[in-house]
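First up is the structure itself, then whatever we jot down about it.
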2 protein chains.
Amino acid sequence: MARRTKAEAEATREALLDAAEEVFFDNGVARTSLEQIARHAGLTRGAVYWHFKNKADLFRAMLDRVRMPFEELVAETGASHDSPLETVRLGFQQSLLRLEQPRHRRVLAILIHRCEFFGDIDPCAIQTEMAGECLDALGGYFADAHRLGLLKQGLAPEVATRLLQAILSGLFHDWLRDPDAYSIYERGMALVDAQLALMRRDEAEAA
Amino acid sequence: MARRTKAEAEATREALLDAAEEVFFDNGVARTSLEQIARHAGLTRGAVYWHFKNKADLFRAMLDRVRMPFEELVAETGASHDSPLETVRLGFQQSLLRLEQPRHRRVLAILIHRCEFFGDIDPCAIQTEMAGECLDALGGYFADAHRLGLLKQGLAPEVATRLLQAILSGLFHDWLRDPDAYSIYERGMALVDAQLALMRRDEAEAA
DNA sequence: ATATCCATACAGACATGAATGTAAAAAACG
DNA sequence: CGTTTTTTACATTCATGTCTGTATGGATAT
């Protein structure tokens, strides 16, 4: 085979990324060679080296297909600003929905549980970046909630933020270790709802 | 060099494990060769292959030096059985104290953030095993707490268990990504205390 | 006590295989 | 025909496992 049309070249690029996802997920990043990825896509290493500089570059491209900042997720839901706790809930829900898509699930699982640093890639740094992004957003919402008197008395907004962020993070990690064990959407929403209920100022207090 | 005494042989074994910890932590497991480990310990690969079957065996031995089931931690604290929530707190505290020791910190960080499967080692499975162990223990305590009427009304013990486990897990993961950023003991205890306060039935309800 | 002998605890060299990156050839498009 | 896409072939590097060599420790016999 050789050159088809421009669109078909793009298709092989995508095919390579798809293959990378699958093989990385099955074998881990370090244990998979570019040869394996190419073969899995029905191509050869030559194609890989044409489209990507090297393994790290391929990896980055794979990640770029699923990036989604928390704020964007929230924006998608069209949540209003007057109820920060509900906004958090919606953002959370949106995240979980995304995670149920195979592509997002696979790539996140790879990033978190199936790779260590290589080349100029540091998965920990990427995770930290994503976590920090999420933490900042959550922090803002809880600060608002606190100002509006929506939080339980004695619960500092920073603590509430870290609690929820830890729950989110822990949930992700645990679920990604074995995504078929349960539905993250159902369990996740149950946990957020329970936690938000715990953190919300109750009517008796508010009166 | 050649054969020293039996005690000295044991010392080199430990030295190799120490070296493995450090190099694994710095470079990741996949990227470090047995040669690097041996050199870092001032020895050669011959020593490594004498004491260990291969890389996976060495890795397992490294893990074995820090294993500690949650129940054992709780036992160490000598907590009484009449206050399950306090028992959970103490177990948590004990875990965090352990984590502040460099050895535990390093090994856990390696297991969680610096290795993917290789040989017959599946770090995810090991994590799942540890998490499950912890989950079972927590589940028992919260079931007791529920029976004793210590939990907030409407809070199912299973949900409480999963919440706390997620918090623990999330906290570990986040901190291990950058252990020098903050004290896990301080922040961790603040979070558990806050969470336990939220989950405890308040006096008004109890009356 | 000391000489002998074997198992132990390493070091060093070697063979193998696998993955990488690159360069050159080949095939198909325009 | 020239350019773009892909294959094939090749050179290099590197980790692994194994094998051999060797000096010592310790047990046993004398």
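The values are calculated or read from the model by the stated rules, or taken from the named source; none is laboratory data. Quantities reported herein were computed from a predicted structural model and do not represent experimental measurements. Note that each Cβ is placed from the backbone with ideal geometry, even for glycine, and that neighbours are counted across all protein chains shown. Ligands, DNA and RNA are stripped out before the accessible areas are found, and what is left, the full protein with its side chains, is counted by its heavy atoms. Shrake-Rupley method; radii C 1.70, N 1.55, O 1.52, S 1.80 Å.
Anything in segment A:1-17 that is open to solvent by 50 Å² or more (accessible area, probe 1.4 Å) and more than 9 Å from DNA strand D (Cβ to nearest atom)? List them, or say none.
If the condition is that a residue be open to solvent by 50 Å² or more (accessible area, probe 1.4 Å) and more than 9 Å from DNA strand D (Cβ to nearest atom), then A:Ala7, A:Glu14 are the ones that fit.
With the requirement that a residue be surrounded by fewer than 17 Cβ atoms within 10 Å (Cβ to Cβ) and facing another protein chain (nearest Cβ under 8 Å), what does segment A:194-203 give you?
A:Ala197, the sole residue that qualifies.
The conditions are (1) under 29 Å from A:Glu158 (Cβ atoms); (2) of a type in the set (A, V, I, L, M, F, W, C); (3) facing chain A (nearest Cβ under 7 Å); (4) open to solvent by 20 Å² or more (accessible area, probe 1.4 Å), and B:Leu191 fails exactly one of them. Which is it?
The number of the failed condition is (4).
Here's a check for you: in segment A:119-140, which residue that is within 12 Å of chain B (Cβ to nearest Cβ) and closer than 17 Å to A:Ile167 by Cβ is nearest to DNA strand C (Cβ to nearest atom)?
If we take residues in segment A:119-140 being within 12 Å of chain B (Cβ to nearest Cβ) and closer than 17 Å to A:Ile167 by Cβ, then A:Gln127 is nearest to DNA strand C (Cβ to nearest atom).
Mind checking whether some residue in segment B:70-80 is away from DNA strand D (no atom under 16 Å from the Cβ), of a type outside the set (Lys, Arg), farther than 19 Å from B:Ile184 by Cα and in contact with a Lys or Arg (Cβ under 9 Å, 6 or more places away or on another chain)?
Taking every residue of segment B:70-80 in turn, at least one turns out to be away from DNA strand D (no atom under 16 Å from the Cβ), of a type outside the set (Lys, Arg), farther than 19 Å from B:Ile184 by Cα and in contact with a Lys or Arg (Cβ under 9 Å, 6 or more places away or on another chain).
Does segment A:152-180 hold any residues that are modelled with pLDDT under 95, more than 9 Å from chain B (Cβ to nearest Cβ) and either touching a strand residue (DSSP E or B) at 6+ places or on another chain (Cβ under 7 Å) or more than 13 Å from A:Leu96 (Cα to Cα) (or both), and which are they?
Once the filter is applied, which keeps residues that are modelled with pLDDT under 95, more than 9 Å from chain B (Cβ to nearest Cβ) and either touching a strand residue (DSSP E or B) at 6+ places or on another chain (Cβ under 7 Å) or more than 13 Å from A:Leu96 (Cα to Cα) (or both), segment A:152-180 yields A:Gln153, A:Asp180.
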